[in-house]
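To keep things clear, I will list the structure first and then write my remarks on it.
The values are calculated or read from the model by the stated rules, or taken from the named source; none is laboratory data. Model, not experiment: these values are computed from the prediction. Cβ: placed from backbone, ideal geometry, glycine included. Neighbour counts: every protein chain shown.
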Amino acid sequence: MVGIVVRRPPREHGGDPFFAELIAGMEDVLVPGGGGVLLQVAHDQAAEIAVLARWAAHPRVAGAVLGDPVEDDPRPERARELGLPVVVLGGRAGGGTVPSIPVDNATPMLEAMAALVALGHRRIGRVSGPLRLGHTRERGEAFERGLRVAGLSGRSVESDYSARSGEAATRVLLADDERPTAIVFDNDLAALGGLAAARALGVAVPRELSLLAWDDSELCRLADPPLSVMSRDVHGLGVLTAEALLAVIDGALPPERSPERPRLVLRGTTAPRRG
């Protein structure tokens, strides 16, 4: 068995399709060999580290995935002290000495910004994930770069990835005197919350407001209108993650493979700016 600990609001985690798809990909690799994935939700970093300590002492847990790396992340060093094999998902941590699965956050964000600018949007907002996360900062830097390249200004509002938080952040953006005509969301649940906020405020999507979300899921495709997305193969990311962790558990270097880059899929929530 291998473990993955998720630092998310416990009430909101159950509806997040990202981890369900990630774990499905991991189990495609692990289950044929008699393994599987243990998932634990933690409310803060201390709780995450406590989970790692329990797993290190558990004879059936062979290793763990460290997701959502942060600056000066203490988890890789603590895992090393515990003798627990780990890989980092989504960036480098532990001074770059821990095997990691790299994820390109900048290029897809720049592509998303360019697509919205090409549709004529000049006021673009962003609903980010938690600012403590490395990939949130990487996307934020690319968002600002995309604005500068187009000669525009914009605003980001933080969310915790939940639909409720995405709805609240969207309401903040739409309360601006010069409200955005397009908003980029860091995940699909927050975007679904944004869609609900726009509907409640009487803002027509996509006629008055375009929405574009990171990731993709059945929820995005079933939304009304269907969400435009930066679609990435989360299942494939799970496969790569499990293969890398198995290599580390066996004392080998993981294969140097990067996940497929997200691709822009325009559906029913994006349209040219009116007027």
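Of the strands (runs of 3 or more DSSP E) lying entirely inside region 29-126, those containing at least 1 residues that are within 20 Å of Leu237 (Cα to Cα) and free of Cβ contacts under 8 Å to residues at least 24 places away in the same chain are 86-89. The strands (runs of 3 or more DSSP E) falling completely within region 140-247 that include 3 or more residues that are at pLDDT 95 or above and among the aliphatic types (A, V, I, L, M) map to 182-185, 210-214.
Could you tell me whether region 182-190 includes any residue that is β-branched (Val, Ile, Thr) and crowded, with 16+ Cβ neighbours inside 10 Å? Lay out the reasoning, then the answer.
Taking region 182-190 and keeping what is β-branched (Val, Ile, Thr), we get 183-184.
After this cut, where a residue has to be crowded, with 16+ Cβ neighbours inside 10 Å as well, the list is 183-184.
Scanning region 182-190, I find at least one residue that is β-branched (Val, Ile, Thr) and crowded, with 16+ Cβ neighbours inside 10 Å, so the answer is yes.
Of all the criteria given as (1) more than 22 Å from Pro206 (Cα to Cα); (2) surrounded by fewer than 23 Cβ atoms within 10 Å (Cβ to Cβ), the one not satisfied by Leu147 is (1).
Number of residues in region 152-166 that are free of Cβ contacts under 8 Å to residues at least 40 places away in the same chain, surrounded by fewer than 21 Cβ atoms within 10 Å (Cβ to Cβ) and farther than 21 Å from Arg273 by Cβ equals 1.
The single residue among Ile49, Ile23 that is at pLDDT 95 or above, of a type outside the set (Gly, Ala, Ser), in contact with a Lys or Arg (Cβ under 6 Å, 6 or more places away or on another chain) and within 19 Å of Val86 (Cα to Cα) turns out to be Ile49. State whether one or more residues within region 116-132 are outside the structural domain of Gly34 (by TED's automatic domain parsing), more than 30 Å from Val248 (Cα to Cα) and at pLDDT below 95. No, that holds for no residue.
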